[in-house]
Structure formats: C-alpha cells, structure tokens
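FYI, it's all coordinate maths here, none of it is from the lab. The structure presented is a predicted model; accordingly, all values stated were derived computationally and were not measured. Virtual Cβ from ideal backbone geometry, glycine too; neighbours counted across all protein chains shown.
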Amino acid sequence: MDTDTIAAISTPIGEGAIAIVRLSGEEAVAITSELFDGKELKEVESHTIHYGKIIDPETNEVAEEVMVTVMRGPKTFTREDVVEINCHGGLASVNRLLNIVLSKGARLAEPGEFTKRAFLNGRIDLSQAEAVMDLIRAKTDKAMNVALKQMDGRLSKLIQKLRQELLETVAHVEVNIDYPEYDDVEEMSHDMMMTKTKEVYKEIERLLQMAQQGKILREGLATAIIGRPNVGKSSLLNALVHENKAIVTDIPGTTRDVIEEYVNVRGVPLRLVDTAGIRETEDIVEKIGVEKSRQVLKESDLVLLLLNYGEELTEEDINLFKAVEGLEVIVIVNKTDLEQKIDLDQVKELAKDHGLVTTTLVEEKGIDELESAIADTFFAGELDAGDLTYISNVRHIQLLKQSLTALEEAMNGMEQGMPIDLVQIDVTRTWELLGEIVGDTVHESLIDQLFSQFCLGK
Amino acid sequence: MTYDAGNYDVIVIGAGHAGCEAAIASAKRGAKTLMLTLNLDMVAFMPCNPSVGGPAKGVVVREIDALGGVMGKVIDKTYIQMRMLNTGKGPAVRALRAQADKPLYIQEMKNILENQENLTLRQGMVEKLIVEDGECKGVITETKAAYRAKSVIITTGTFMRGRVIIGDLSYESGPNNQRASVKLSEHLEELGFDLVRFKTGTPPRVNSHTVDYSKTEIQPGDERPSHFSYETKEAILDQIPCWLTYTNEFTHKIIDDNLGLSAMYSGMIKGTGPRYCPSIEDKVVRFHDKPRHQIFLEPEGRDTEEVYVQGLSTSLPEFVQRDMLRTIPGLEEAEIMRAGYAIEYDSVVPTQLWPTLEVKNIPGLFTAGQINGTSGYEEAAGQGLIAGVNAAASALDIEKLILDRSQAYIGVLIDDLVTKGTNEPYRLLTSRAEYRLLLRHDNADIRLTDTGYKLGLISEERYQSYTEKNQQVEKEKKRLEKVVLKPADELQEMITNNGGTPLKDAVKAADLLKRPEMTYELVAQFTPAEATLDPEVKEQVEIQIKYQGYIDKSNQQVDKMKKMEDKKIPDNIDYDAIGGLATEARQKLKEVRPLSVGQASRISGVNPADVSILLVYIEQGKIAKVE
C-alpha cells in the first residue's frame, strides 16, 4: 500500500482547548523529531508522551508548546508508526502546526485515510469493511462539496485564469512539437516561456501570501467587538467562547485578560481580537477621531457593534457607526432586560442593510439569533462542516506551494538551457496542480485547446 | 453451402498496415497464419498521404521495428525523402518522417509477406465469422470457403460499410474505389458489436507535369538521412523534394461560395471526422480570419507523376476542386488525376476490447487498426503487431503482450482506446504521453528489444548487436562519471569557444557534458573512449547524461503509476456488490472491466473516492481468502 507518511488534524477545529495533529507512516517519528525541541523522539519508548516545543524551520522560532505521544507500529490505530502532537486548541496554532509538519515531508491525509490504512493493514476486521467504504465515500463527497462551495469565488476565478494562461503556453509548445511545419505561430522561445512563468509565479506567490496572512478560511475572520464602556463586550465574548476567560464586571474598564480567541460559529471560524483591543476600541473614536479609527478597524473582516438598550444613543455611538462604514457589521442591541431608552427606529436607520440583533447577554438570550446572523453574513445560508472548510484550505495551500516548486524547477531548467519541451513538463505539472484546487484535472482539455487555438492539418 | 478450406492457428482479415504487422508477428511466433485480403495487389496500400512517421507516429515505427515488425524496414527501402523533425528541440520529441514511394512500398511489403515462413496469402472477401459456443473459430468467405482457426484478427480499416462522398455524389466503396465490406459489418452488428460511424477524407492528386514548381518553395530531405529500422545500414541518397504553396483569399471565396455543396456541410455526412486532419472547408469555416493555409505538394513515388496535394482534403464537388486549385500559386494549370473525397465507415467502439486487443465478449477474436477508431498507418501497424502477437499467444497458449504507458507510444495508444474509448478518429500526439521523455525515438530499442526477443520476434543476431550496444553505452557512461578533467588551458579554450564560462575547478567529464553548450564529441576530445564507438552509442550516452535529472523525475512518476498497475482486479469482480461506488463509476467499470486499479483510475467518471473504495474491496477479498 502507500508508504508515505500522512498527517491531519484529528480533533474538531475551534472547539475544545486542545487540538491534536496526528501523523502516520514510516517517517512519522523522524519528521516530528526534526521539528521537536525536547527529548530525542527517535530514542524514546513506544507509547510515551513528551513535553517540548515545535520549532518552525522557516524562522527557527518556537511555534508551539506541545505534548508529543510516540506510538510505534504495529500496536497503533493504523498499525504504522503514529505520532500525536497535542497543542493549544486555537485555529491558528493547530493550523500552523499542521503546515509545519506538511512542509517537512508529510502528506495531507485524504478524507478517511487513517481508517483506510487501519483497514488495509489488517487493524479493522472484515465486518467493518463496508463501513470503511461508506466513510470514505461520505467524507470525500463532503470534503469536495465543501471545498468547492467555500472556495472564494475570486480565488477560483483567478486560478482558472492562471490555468488558462498556462494551458495556452503549453498548447503553444505542443503545437510546435506535433506540427513542426505549422507556420502560423512562432516557435516558443525560452524568453517567452520565462516571462509567462514569472508572471504566474508572482500571482501564485501573492495568493499564498494572502492565504498566509490569515484570510477567511485559514485563520478565521478577524472580528472586532466595539461599543461604549460597559455595554457588554466581554459578555459577548464569553457567550461566543462559552468559557469564562475574560473577566466580567459591572465596573467600566475592568477587562484585563489579553488573549485572542478562536471560535467556530456554525462553520464560520472567527478570530476575536484581543480583549485589550476591545478596551482600546471603546475609547478609540474619542482618542483618535473617526478617520483614524476607521483605519484601525479596516483590518477587521467583521465588526460586532454593541449598543445599550437601556440608554439613549450618544454622540459616541453615532461616531462608531461612522467609523465602521463600508465594513461588514452586525449591530447588537444588548441589555433588553433594562427599561427601553434607545430609539430603535434611529438604530435601524443607522444600521442600514447590516444585521440587527437584540440580546440579553447576561441571561444568554438572543445568542442563537446572533450566531445565525454571523453565519448568514458569510455564507448566506447554512453550513455544517467547519472543520472541513479549514482542512480543504490547508490542501489548497499545499497545492499552491507545490505549484511554486514546479515553476521554480521550470525556471531552473530554462536557466540551464534545457530544451523547451522538457521545461514544459514542469509547466504542465503546475497546470495540473492548480487544477486539483479547482477540481479539474482532465488531461483531454490540452488536446481540445490545441485544436481550438490552432488550425492544424498535416 | 460452404466447403472446408483448411485449418490455421491464426487468420488475419485484411492486408493493410495493421494486417501486415499482425500476420508477420503471428507467423514469427510460430503460428500457422492465413492472410485474407480483397486484392493482393493492394497490400499495405496508402490511400491517404504518401508519408510514414512524424511526431509520435515516427516513434511508433521505431517501436514496431524494435519488436520485430516490418514497417520500418519497408519504408527504409522505399523512401523518396527522409527528414528528422524537431531537431532544434529536446531528444524526447525528435521524430523521423519519410515520404514514401507508394507503389514500391506495396511491392516491397508483398515480397516480405510472400517469403514469410508460416504465412499463407490468399485473395478473398470474408463475409462471416464462425462463432461456436461464444468463441471465434474461423471465417467464411463470399466464395463459400470455410477456414477454421483458433484466433481471428479483423483489420478491415475503413472498408466496413465504406461510403465515398464527393459533393452530392455518394456510393458504397472502400478507399480508392475498392469494394466495401458490407456483410461483415452487418454480421458484427448481429454478433452484438457496438459500432460507430467515423469519417475521414483525402485531397485531390494532380499531374506533376502540370505543376509550376517555380511558384512554390522547395522542401528537401535531410542531407544525411536517418532510418527507422535498427537494421538498415544503407541510405538512399537520391531524394526527391516536396514543395510548399499556400491557399489565398480567392481560394477561400470559392469555398465560401460553394459551402452548400460540400458533403460535410450539406448534412450528407453523418460520421465524426478528426479535428487534427480537417478538410479545407473546415479550416476556412473554423479559422475564417486566417488569410492562408499551407499546401504541401508531395510526390506519390519515383515512377509516377501523381502528386498528393496535402492540406486540401475535401468533399466538395469535382468542379469546385478544380476551381480551388486554379487559385493556388503553382497549381493554376494543374490537372486533377484523382478527385479528393470523404469516406465514411463503421468502426468498433474500442472499449469492447481487452488491452490485448481481444474482443471481450468473443474470445479468439481480435480487432486492430482503423476499425478500432484510430487513424494513421503507424497507429494501425502498432495495433496490428500487438494483435498478431496476442492472437498467436492465444492460439498456441504462449505468453501475451500488453505494453504499458511508460514502455511505448503503442502502449499509450491502446490504453487510451480500451480505457477511454474515442469519439473521433484517434491520432497519437506527443501530448497524449505523460512520460514522453522516456518514449524517445533514440531509445526504442532499449525499451523494447528484450521484449521482442523473448517473444521470438527478434533474431539472435539482432539481439546480440543490441546487447553489445547497450553494454557499450553503460560502460561509457560509467567512465565519464569517473574521469576528472583538470581546467587546463586547452579545455578552457574549448569551453569559451563554445560560449561557456571557464571551469573554476577540476570537473567530472559527465558533469561537464551536462552543460547546455557541451556535446559528447566536444568532451570526448579531452578524454577519448577506449574503443571507437558507434554514433548511436555516443548519442545515447549524451542524452542519458545530459537529461538525467528529468529522466529520473519521469522514472519516479512511473514507479508511482506502476504501484497502481500492479494492483490487479480479479476478473470475477462483481461491481454491483461494492457498496459506495458512484453510479457513473459503477457503470463505467462494468463496461471497461479494467485489469488493474491503475487502469480503473484512468476511466473518466471514476473519481479518487471510487478508486479508494475499489482498493478496499479488493483487499477485503484477499483478507477473506486468508481467513
């Protein structure tokens, strides 16, 4: 069977304080050991757990504090060597960890692959075979659906565009080869090929940077909670996190805990900006003015703007609305347990098309409505596979990285003066890799392109 | 009433390019072989262009030669011009193409057939197969001769229910006004074959005396011709040129004005034509902005004045063909000797075949060549050889041959056909091969001679000379990997003279050869081989060292592919019993019945999840057996 080492996140994403990245295969221990600052894992006994740090090989900095469990085959789930790395449960941590592991030679597991290996290695008995097949089917279909559904429309278009450019380039080389006497097209030169390759390389690099800056699918939406002092920002944070990590009091300015929280709201991963940030945003408009605060809030993908049901709208509230103009905003009117003083018609007018929810956060009322509003804002409907969202995205990042490598090899080949038909092998490879992202790998399309682009006869 | 006309191991129906290779391969393997053809004066006839080879196709001819086939030898003896194409590109895409002397080619091939041991030639039209207990046991001709055999190969090309069309004229015919084979086609339908209608075409031929070549560009052959066969030693130096001219706006206007009369556009033609070989009316319609199209004037032989007007394939009426020619520089006065025509014919949907080219539902029956939906002499010949080898194997109960996609273009061709089928006449293109760097013109012998020898297709003498060459290559490669060249003045001068940067340190000869500006000859000046080496050996050493990085990469991909090819699917597998397969995948798998998981994964409509499920299911069967 396959002998390569696979890795995946084996805990639900964004739910739970601890997440686990699991590796299985011949190289599982060696790969982890290379990244691990702690005991030499290659020498530890099987089925033992070890504290240490994972070092990011790109920066040589500590990426995560972890606990690593080493389990050698055959007494493991897959009967291969298995390593489980326990880290903090936040999306960013586990995501980063998985990426580091993948960069060291592990391959992202296909849906259901751990179970498949367990079966093929004889770990699961015959009666379960049917279930294994069902699982593969279900997981694969789900992953594919989710990957396609959630892929940003612009990303998909951009990749299609890059693929088309590569396809035209490849078809050009092919026509030179298969129809050497065809005179209507100039011979593809190294210069032409280099220019095209560099263009595409730059585009993919940019995509990758975007992905790594932590845009939507990867790290979650950067979410800011703003509002006047004591309007319930910490309560909101707690309600979303379902844990008491921030300190909640009635006294303005008592939010002290400085953390970032990742939560999974109905499939939408949110990165809630730190509570210290909330503290600052409450004074932000006063301190630096509307324009400046707009600049600060511009980084947010989503703003949750809180108002107090029990107080009249103030100048400060109005300024907050001005500061968030043009951003994705959900307006929350909190503290409906108090006597109404706020003018709801005026709020509706200010909120324009944005979502508007009323809550009593201390009594956990209105949270469901808020969560629906968040989900609606981004997916315009239900979505039930938050973890797969994220995994398919790691797959995209891996494929983009492989595309860059293939293009680098093409450029190296050109620099070494290799014939264009050899250089083209790597360009075609790039085209195929990008095709895997958008779910299109049919080889026939090259031949179709050939005959639609050129009038061929001999 | 039929009469008993004799018993054979293998019967080949048809004597075109597929039939000839099939009959010879079968006879060489020791099978008592009968070849039946409509007209013994027309064996290996070229009804279309008078040329053999070209990109991908030329490599196929080399592969046929390495497997003991005859196409390469015959063209090497009968060419009027030889050209190596793509010399400015990498070694993977270099390709040889010959202009053939058509009448001479027929004569030479007939001579070989007549002198082949174990092979009987007979003229006759087959109308029926003898099928007993679901197996093919022989054939019956229109003269009521019943020949019995253990295997039968059908290589009837475009003859099956062939129909020639010129303008509004249409009549039942094989190519070049030979008799069409109608009853056999009907018989195959009765036997349950799935047939499709394809179409191809050919241009007019003109009299050379009426061509004004001064208005055209000369296209000469190579000064030093290369050859297809590894056995050819003597070159034909007296070559005949081809000539290049162009259509123009006047030609296109005539086509536009008469488009309604073209059988292609009037709706008379129902068959699907090939995109890579469009008629001139197709080119003008689809690429209307293109101001001119190339026309190559190709002599049909040394002792004939007929000239093939390559690029002007058409089904327009004869008078329109004449009017078109009058607008083309050099052809204003040209006299048509034969008009161009389109031909429609029945072909077999190739997914009905195993990769051995045996028909799945009728053991003992094989089909090869254009009948399988391909086009081109070389594609036909390649299939013919494989069918011949396997029909003999089936008759004599000896080893079969399936070439995989990393071994040969023939492997790519047959795998594509039987796995994916084709919805237009199939032509090989280099882009169809994912490992084309491994499938080179220069290394066909290294890829296939061993196989040919084991199957009894290659002579002892030929095998010895191949082994010797291969040993020399390996030895010389090893030597260059060891020899260290110091940056002496002479060497530095040679490097700079050839546009390279001087050496900083001593370097291995092999590493120096890897530089783009270096050749084997240049490097060997400074470290001559012990023995004098054949140019083919030097070429091989150079290519293998220079492109080693890419070759290694391709080999890694092949290893991956092979892992999946090695996962065999048991022939009694019941796809209906596998839960979780998608409906489309299940249906396709039942139709194609792939031999391996690798082949299954190439079927369109079978996605990775289906492949995983298939793997698990097969493993489950294995575990069940152990328990």
- request: Counting only C-alpha contacts under 8 Å and six or more residues apart, can you give the relative contact order of segment B:1-142 as a whole percent?
  value: 27 percent
task: About the Cα centre of the protein assembly as shown, how large is the charge dipole given +1 on each Lys and Arg Cβ and -1 on each Asp and Glu Cβ? Please answer in debye to the nearest 20.
output: 2460 debye
- line: Taking only C-alpha positions in segment B:480-610, Rg and Dmax in angstrom work out to 25.4, 75
- prompt: Which links in B:Lys560/B:Lys588; A:Lys198/B:Lys546; B:Lys32/B:Lys567 stretch past 29 Å when you go from one Cα to the other?
  reply: B:Lys32/B:Lys567
message: Once the convex hull of the alpha carbons of segment A:6-109 is built, what does its volume come to per residue, in cubic angstrom?
response: 85 Å³
message: Using 20 Å bins from zero, what percent of all Cα-Cα pairs in chain B falls into each bin?
response: 18, 48, 30, 4, 0
field: Sparse-neighbourhood loop sites, GluC sites (Glu not before Pro) in segment A:1-102 - DSSP loop, at most 11 other Cβ within 10 angstrom
entry: A:Glu40, A:Glu45, A:Glu58
field: Antiparallel content of DSSP bridges confined to chain B, in %, to 5
entry: 70 percent
- prompt: Using alpha carbon coordinates only, what is the Rg to Rh ratio of segment B:342-466, with Rh defined as the Kirkwood radius?
  reply: 0.98
- prompt: What aspartates and glutamates sit close enough to B:Lys590 to cross-link, taking a C-alpha to C-alpha distance under 14 Å and skipping anything fewer than 8 places away on the same chain?
  reply: B:Asp571, B:Asp574, B:Asp576, B:Asp610
task: Quick one: plug the Kirkwood hydrodynamic radius of the protein assembly as shown (C-alpha pairs) into Stokes-Einstein at 4 °C, 1.567 mPa s, and report D in µm²/s.
output: 38 µm²/s
query: Mean separation of Cα pairs under 8 Å and 6+ residues apart, divided by the residue count of segment A:6-109: what relative contact order is that in percent?
result: 35 percent
field: For A:Gly73, distant residues with modelled amide H under 5 Å away
entry: A:Asp81, A:Val82
field: Counting DSSP beta bridges with both ends in segment A:6-109, the antiparallel % (nearest 5)
entry: 95 percent
- prompt: In straight Cα distance, which lysines are under 22 Å from A:Lys348, not counting same-chain residues fewer than 8 positions off?
  reply: A:Lys233, A:Lys322, A:Lys335, A:Lys365
- prompt: What ³J(HN,Hα) values, in whole Hz, does the Karplus curve 6.51 cos²θ - 1.76 cosθ + 1.60 give for segment A:226-241 when θ = phi - 60°, with x put for Gly and Pro?
  reply: 10, x, 5, x, 6, 8, x, 5, 5, 4, 5, 4, 4, 4, 6, 7
task: Mind checking segment B:511-609 for GluC sites (Glu not before Pro) that DSSP puts in a loop (not H, G, I, E or B) and that have at most 11 other Cβ atoms within 10 Å?
output: B:Glu530
task: Starting from segment B:197-237, pick out the GluC sites (Glu not before Pro) whose DSSP state is loop and whose Cβ has at most 10 other Cβ atoms within 10 Å.
output: B:Glu223, B:Glu234
- prompt: Over all residues in B:82-92, what is the mean tally of Cβ atoms on other chains that come within 10 Å of each residue's Cβ?
  reply: 4
task: Mind scanning B:Lys150/B:Lys420; B:Lys150/B:Lys360; B:Lys233/B:Lys538; A:Lys157/A:Lys202; B:Lys28/B:Lys562 and naming the pairs with a C-alpha gap bigger than 20 Å?
output: B:Lys150/B:Lys420; B:Lys28/B:Lys562
task: Apply the Karplus parameterisation 6.51 cos²θ - 1.76 cosθ + 1.60, with θ equal to phi minus 60°, to every residue of segment A:70-78 and state each ³J(HN,Hα) to the nearest whole Hz, in sequence, with x for glycine and proline.
output: 9, 10, 8, x, x, 8, 9, 4, 9
query: Which ³J(HN,Hα) values in Hz, rounded to whole numbers, follow from the phi angles of segment A:181-190 under the Karplus curve 6.51 cos²θ - 1.76 cosθ + 1.60, where θ = phi - 60° and Gly and Pro get x?
result: 9, 5, 9, 7, 9, 6, 5, 5, 9, 4
query: Using only the Cα atoms of segment B:236-386, what do you get for the radius of gyration and for Dmax, in Å?
result: 18.8, 56
query: Which of rounded, prolate, oblate describes segment B:44-171, given a ≥ b ≥ c as roots of the alpha-carbon gyration tensor eigenvalues and a/c under 1.5 marking rounded, otherwise prolate only if a/b is larger than b/c?
result: prolate
field: Length-normalised contact order of chain B in % [C-alpha pairs under 8 Å, at least 6 apart]
entry: 17 percent
statement: Along the dipole axis of chain B (charges at Cβ: +1 for Lys and Arg, -1 for Asp and Glu; origin at the Cα centre), the most positive-end residue among B:Pro363, B:Asn572, B:Ala380 is B:Asn572
query: lysines near B:Lys290 by alpha-carbon distance under 19 Å, same-chain residues fewer than 8 away left out - which ones?
result: A:Lys458, B:Lys253
- prompt: What value, in deg cm²/dmol to 500, does the helix sum -39500 (n - 2.57) over DSSP H runs of n ≥ 4 give at 222 nm once divided by the residues of the protein assembly as shown?
  reply: -13000 deg cm²/dmol
- line: Expressed to two decimals, segment B:123-260 has a Cα Rg over Rh, using the Kirkwood radius, of 1.12
- prompt: How would you classify segment A:289-369 from its alpha-carbon gyration tensor, with a ≥ b ≥ c the square roots of the eigenvalues: rounded for a/c under 1.5, else prolate if a/b is greater than b/c, otherwise oblate?
  reply: prolate
Beta bridges per DSSP with both ends in the protein assembly as shown, % antiparallel, nearest 5: 65 percent
